[in-house]
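Note sheet for the following structure.
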Amino acid sequence: MELKLDFPVFHPWSSSKLSTLPLLLLLMLLSLCSFSPSQCSDLDPKDKASLLLFRSSVQNPDQSLATWFGSNCTNWTGISCEDRTGRVVSVDLANMNLSGRLHPGLCELSFLEHLKLSENNFNGTIPTCFGSLGNLKALDLSHNSFVGILPDDMMRLGQLRELVLSGNRELGGILPRWIGNFSNNLAKLDLSSNSFHGEIPDSLYNLKSLRHLDLGDNNLSGNVHEFYQSLEYLSLASNKLVGALPCFSAATKSLTVLTLANNSLVGGIPTCIGSLEALAHLNLSFNHLSYGISPRLVFTEKLIVMDLSFNDLSGPLPVKIAVATEKSGLVLLDLSHNQFSGKIPLKITELKSLQALFLSHNHLTGEIPPRIGNLTYLQVIDLSHNSLSGSIPLDIVGCFQLLALILNNNNLSGEIQPELDALDSLKILDVSHNKISGEIPLTLAGLKSLEIVELSSNNLSGTLSDAITKWLNLKYLSLAHNKFSGNLPSWLFTFEAIQMIDFSGNKFSGFIPEGNFNISFHNNNGEPKEPFTSMKNVEIKVSTMVINTSELSFNFEVSSTVGIDLSDNLLRCEIPNVLFEVEGLEYLNLSYNYLDGQLPSLEKMWNLRSLDLSHNSLSGQIPGNISTLKNLKLLNLSCNGFSGSVPANQGYKRFPGAFAGNPDLCVESSGEGCERGSPPAASGKTFEQVEGPILVWVFCVSAFVSFYSSVVGLFCSGRARSYILQTKV
């Protein structure tokens, strides 16, 4: 059977067919050029020379411009040419790690329409000759290191549609008056994250073509006026703007993003803002807005982000702040750090699309709404620092996607329900500073994603269960100031990612388990964390960002001293030597226990910043190498049984009162012999040089040194301490 092909078959050995090959290749090439003519033209000789001059002045470590040779425009990285003439019409060299000053040769590209040099390291001033690029429609020099002011020659760019100069911190000066009237085609102006100052020119309020305006993160001042164009995007955040909030009436149907955060705006939120039909993002945080929110202020279902945090808004929370449907509505609502009062309205549980709810730092009362579980998409809920009462509603397990449950500093009571184990995605659990009682349920072993657990300052009791060992990602664990008892478990120091363990102020007894300390205390890199303003406080920074209409990006950062606090318990016996070999440890507080034995060498604890072993029964000599710990800011070994001498040349004078209440310890002073049972003379650091809580500690020790001297025998005696600890509640 004969096979017939419908397309020509070329045989390399056939001379009759070979003669047609060049013609066919030419036809194919011409056909290709008809679809993409700009890729086949030869680069204009003048433009080529201008580009090579530009390249000669640029540092190009990644060799991104190594393809700039020959005359074929296709081969020149980032260059596009006009199809017939070969003139350069577009230069796009964004994010190529280029640096240096811009060569004026660029200004010879007279047909240039698009110039994009963003995300590089170009420096110097913007060339004045840019004003000669009369055909330029888009100029993007953002995120470089340009300095100086905008050259007035740029007002000659009458065809410009987009001007993006953001992220050049040394670029600034007074915002020129011509910025709003040099081009009637200007649709996008982005001068954010620079150093412009002065008032917003009137011309910008009236430029009819303007759709996108970003002047955020500058030093602009003056009042915010009404804009008279159909803006779609407006950001004036992080400036020094004052006055009341305008209505933006000209953009009623077009404005989608409005952010005026971090200014000094005053007055109330006008109800006319609710008329912005297309508004999706509203951020008025960090201002001085006051008064209540009118019940007539209701946004459309298109609003997905509302941030009114850090203002002085008062009155009850709005019963209905935005229209909500099953498929659209608010994704992020932040009303935190205001003066709102009253109960949390039940209708807030009808915002079915809500993924982040921040109501912290207000004066809210009543109970957490029982139907909170209706918010099945909720990932973050922060109701902390209010006056909420009642128990944690069991219905909250309906928020099965919850990542952060932050309820600290309220008046919540009741017990931690075993059913909370249904929140198996939970990373942050903070119910500290409440009145919660009972034991930690064994079922919480199911919360295997937990990284931060803050249960301090409650009425929790019982012993520590092995359920806690299932929290394999644990970074911070605080059970401080509760009524826990029993021995410390052997697994206490086995969490691989732990940064802080705080069990202070309980009734734990027995000895400190040795463990293997195979934890992140060893992995602390020792980077400086000045100023040392906190001994052990944890700071949790939760950040959320709505990526699109339905997706929330959740991140949090734990800022905590790397440490262990077992103070104010009933612990006995010697301190394990291995504890003093943990190189990454910054904070260690074992004070107010019954610990005895001698203090080993501390030379491996080179990151240590605070050591408090006071009010124990430690004995022996003071290790001479403590003074070599350069990062050490606080040392308290008072009220123990140390003996021997502390030489004056070991630099202990920077720790006033560190050895008070050790009657058999000789503290040498320069030229003054030996002092027993009293702190060395306060010298070295002045109060102005000692920061945060350290200043308070030094002041108290210095002020009451006479008190220590008079009562140290009573307070440090074993019989007296036994009586005191037996009366602990």
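Data table
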{"read-out": "Estimated FRET transfer efficiency when R0 is 51 angstrom, pair THR376-ASN649 (beta carbons, to 0.05)", "value": "0.15"}
{"read-out": "Length added when fully stretched, GLU367-SER249, from 0.36 nm per residue minus Cα-Cα", "value": "38.5 nm"}
{"read-out": "Residues whose placed amide H lies under 5 Å from that of GLU574, excluding near-sequence neighbours", "value": "ASP596"}
{"read-out": "Hypothetical label at ALA94: residues of the stretch 55-74 whose amide nitrogen lies under 14 Å (7 Å Cα-Cβ projection)", "value": "none"}
{"read-out": "Largest to smallest principal axis extent of the C-alpha atoms in the stretch 272-338, angstrom", "value": "32, 20, 19"}
{"read-out": "Whole-number percent relative contact order across the stretch 384-457, with pairs defined as alpha carbons under 8 Å at least 6 apart", "value": "32 percent"}
{"read-out": "SER461 paired with SER490, simple spin-label distance in nm, labels 7 Å along Cα-to-beta-carbon", "value": "2.9 nm"}
{"read-out": "Surrounding net charge for LEU402, when Lys and Arg each add one and Asp and Glu each subtract one, Cβ distance under 10 Å", "value": "0"}
{"read-out": "Long-range HN-HN contacts of SER457 with modeled amide H, under 5 Å", "value": "HIS433, ALA480, HIS481, ASN482"}
{"read-out": "Charge context of SER64, other residues only, Cβ under 15 angstrom, K/R +1, D/E -1", "value": "-1"}
{"read-out": "Local electrostatic count, ILE575, Cβ distance below 12 Å [Lys/Arg +1, Asp/Glu -1]", "value": "-3"}
{"read-out": "Whole-number Å³ per residue for the convex hull built on Cα positions in the stretch 224-412", "value": "99 Å³"}
{"read-out": "Computed FRET value (nearest 0.05) for ASN473 with GLU419, which takes r as the C-beta separation and R₀ as 30 Å", "value": "0.85"}
{"read-out": "Using θ = phi - 60° and Karplus 6.51 cos²θ - 1.76 cosθ + 1.60, couplings along the stretch 341-348 (whole Hz; Gly, Pro as x)", "value": "9, x, 8, 6, x, 5, 5, 5"}
{"read-out": "Hydrodynamic radius (Kirkwood) for the stretch 36-216, which is based on Cα pairs only, to one decimal in Å", "value": "16.7 Å"}
{"read-out": "Pairwise label distance in nanometres, LYS604 with SER314, each label 7 Å out on the Cα-Cβ vector", "value": "5.9 nm"}
{"read-out": "Cα centroid of the stretch 244-285 to Cα centroid of the stretch 574-614, whole Å", "value": "56 Å"}
{"read-out": "Cross-link pairs beyond the 18 Å C-alpha cut-off, checked among LYS435/LYS475; LYS116/LYS137; LYS137/LYS253", "value": "LYS435/LYS475; LYS137/LYS253"}
{"read-out": "In sequence order, calculated HN-Hα J values of the stretch 130-143 (Karplus, 6.51, -1.76, 1.60; Hz; x Gly/Pro)", "value": "4, x, 7, 7, x, 9, 5, 10, 9, 10, 10, 10, 5, 6"}
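Read-outs throughout are calculated quantities, based only on the coordinates presented, and are distinct from any laboratory measurement. The shown structure was predicted, so the numbers you read here are calculated from the model rather than taken from an experiment. Note that each Cβ is placed from the backbone with ideal geometry, even for glycine, and that neighbours are counted across all protein chains shown.
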